[in-house]
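These notes are about the structure you will find just below.
Please treat every number below as a calculation from the coordinates, not as lab data. Predicted model, so just to flag it, every value in this text is computed and none were measured. Every residue, glycine as well, gets a Cβ built from its backbone with ideal geometry; the counts of neighbours run over all protein chains shown.
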Amino acid sequence: MSTVMNTTNTAAPAQADTRSPEYRQWLAQIQRRKRLVALSRAGLLLAFLLIWEVLARSHILNPMLTSYPSAVLPTLVDLARSGDLLGHTWVTFKATVIGFAISMLLGIGMAALLWWSSFLKKVLDPFLVIANAMPKIAFVPIFYIWLGSEYSVYGMAVAISLFITIMVVYEGFQAIDPNKIKLATTLGASKFQVMKYVVFPGSVPAVIAAIKMNIGLSLIGVIVGEFQSSSAGLGFLIVNGSQVFKLNVVMASIVVLALLSAVMYMAVTRLEKSVQHRYA
């Protein structure tokens with residue numbers, strides 16, 4: 001027993017904090033700033049909800065047209081209990097993810113082709129610029145006729161996000177240091193190997209930027225498509241609720257859309273952090 005106690009007493013002490021007081025003070029300041037930002041965000045949201053509630057309750061705003069937060073929450077609960085909330089949210093989420101995936105795959109592939117062939121880039125460049133500038137909502141009736149009520153939603157998601165993906169990713173390809181490409185070519189790398197080992201890894205930040213934009217653009221495309229043709233989804237709930245003046249349903253759907261957007265954006269941010277240390 002005494003041997004055990006002696007061993008315990010002679011164990012090495014916990015490693016002392018060797019950081020300087022100035023460094024610890026700087027870390028504490030960073031933490032305080034993060035807490036202040038979080039509290040400011042929460043306060044801004046609460047202030048908005050409070051002002052909205054007061055204006056609607058006092059009839060400065062017409063509650064029939066704007067609803068108010070204390071009425072939206074019970075509507076969310078009722079929709080959740082009936083299963084409608086989960087079902088419509090899943091329809092919108094699934095269409096967004098599918099449209100997003102298609103637009104990213106097609107966009108990266110097309111950007112790679114443009115980088116590979118300067119001739120193809122010169123031929124297609126004006127068409128890509130025009131297609132990106134066009135108001136995509138004009139395609140809604142065309143997609144409805146071509147693709148039907150279900151798949152037109154996916155068509156809108158792809159149409160809105162595809163061209164911006166091509167342009168952003170291609171610019172990322174073009175921004176690669178030409179000296180790196182020249183070095184790889186000098187060492188005997190083929191064009192495919194240059195693309196695989198130099199261009200693609202160096203363009204990861206541009207791809208992440210395209211993902212950040214497209215996750216929101218795809219959701220916009222899905223909602224626009226659901227406004228026109230769908231019989232399910234959050235866009236359908238918004239249109240249906242507005243047609244019968246159920247503004248509580250409309251506002252509840254918008255709240256769910258905001259939460260869905262936040263969740264998807266946080267997922268993309270987490271992805272960015274996970275690859276940042278590899279491709280910084």
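Please report the net charge: other residues with Cβ closer than 12 Å to the Cβ of ALA71, K and R +1, D and E -1. Please report the intermediate quantities before stating the final value.
Numbers: positive: ARG57, LYS246; negative: GLU53, ASP78.
Taking every Cβ under 12 Å from that of ALA71, the sum is 0.
When Rg and Dmax of the Cα atoms in Å is calculated directly from the model, which label among (1) 20.6, 61; (2) 16.8, 46; (3) 26.4, 88 fits?
Given (1) 20.6, 61; (2) 16.8, 46; (3) 26.4, 88, the structure-derived one carries the label (3).
Considering the Cα trace of the stretch 139-249, what is its radius of gyration and what is Dmax, both in angstroms?
Rg, Dmax (Cα atoms, Å): 20.6, 69.
Between the stretch 37-92 and the stretch 170-223, what is the separation of their alpha carbon centroids in Å?
That distance is 41 Å.
Quick check on the stretch 4-163: take the gyration tensor over C-alpha atoms, sort the square-rooted eigenvalues as a ≥ b ≥ c, and tell me if it's rounded (a/c under 1.5), prolate or oblate.
Verdict is oblate for the stretch 4-163.
Straight-line reach from LYS121: which lysines fall under 24 Å, measuring Cα to Cα and dropping same-chain residues less than 8 apart?
Those lysines meeting the cut-off are LYS136, LYS180, LYS182, LYS191, LYS196.
With a 10 Å radius around each residue's Cβ, average the other Cβ atoms per peptide and rank 104-114, 246-256, 40-50, highest first.
Order by mean packing, descending: 246-256, 104-114, 40-50.
Hey, can you rank 155-167, 259-271 by average C-beta count inside 10 Å, highest first?
155-167, 259-271
To the nearest 500 deg cm²/dmol, what mean residue ellipticity at 222 nm is calculated for the chain from DSSP H runs of n ≥ 4 alone, each contributing -39,500 (n - 2.57), summed and divided by the residues?
Numbers: 12 runs with 228 residues, N = 280.
After summing the helix terms and dividing by the residues of the chain, the value is -28000 deg cm²/dmol.
May I ask which residue of SER20, ALA210, VAL239 lies farthest towards the positive end of the charge dipole of the chain, with charges of +1 (Lys, Arg) and -1 (Asp, Glu) on Cβ and the Cα centre as origin?
Farthest along the dipole direction, towards plus: SER20.
So, by mean Cβ neighbours within 10 angstrom, what's the order for 59-68, 202-211 with the highest one leading?
In decreasing order of mean packing, 59-68, 202-211 become 202-211, 59-68.
Using the crude model of +1 on Lys and Arg Cβ and -1 on Asp and Glu Cβ, and no other charge, please compute the dipole size for the chain relative to its Cα centre, in debye to 20. Before the final figure, lay out the partial values.
On the way: 22 positive and 11 negative charges, 159 e Å.
Computed charge dipole of the chain: roughly 760 debye.
Among SER118, ILE164, GLY107, which residue has its Cα furthest toward the positive end of the charge dipole of the stretch 107-262, with +1 on Lys/Arg Cβ and -1 on Asp/Glu Cβ?
SER118
So what's the net charge close to ILE238: Lys and Arg +1, Asp and Glu -1, counting the other residues with Cβ under 11 Å from its Cβ? Don't skip to the end; give the middle numbers.
On the way: positive: LYS246; negative: GLU226.
After counting each charged neighbour, the total is 0.
Once you charge only the Cβ atoms, +1 for Lys and Arg and -1 for Asp and Glu, what is the size of the charge dipole of the stretch 106-253 about its Cα centre, to the nearest 20 debye?
That gives the stretch 106-253 a dipole magnitude of about 380 debye.
Note down the net charge around THR185, summing +1 for each Lys or Arg and -1 for each Asp or Glu among other residues with Cβ under 15 Å from its Cβ.
+3
For the stretch 18-31, just list the computed ³J(HN,Hα) in residue order, Karplus coefficients 6.51, -1.76 and 1.60, θ = phi - 60°, integers in Hz, with x standing in for Gly and Pro.
For the stretch 18-31, the Karplus-derived couplings read 8, 6, 6, x, 5, 5, 5, 5, 5, 5, 5, 5, 4, 5 Hz, x marking Gly and Pro.
Give me the aspartates and glutamates in straight-line cross-link reach of LYS212: C-alpha distance below 18 Å, same-chain residues under 8 apart excluded.
Correct list for LYS212: GLU171, GLU272.
Enumerate the calculated ³J(HN,Hα) couplings along the stretch 56-61 in order (Karplus 6.51 cos²θ - 1.76 cosθ + 1.60, θ = phi - 60°), each rounded to whole Hz, writing x wherever the residue is Gly or Pro.
6, 5, 8, 6, 5, 9
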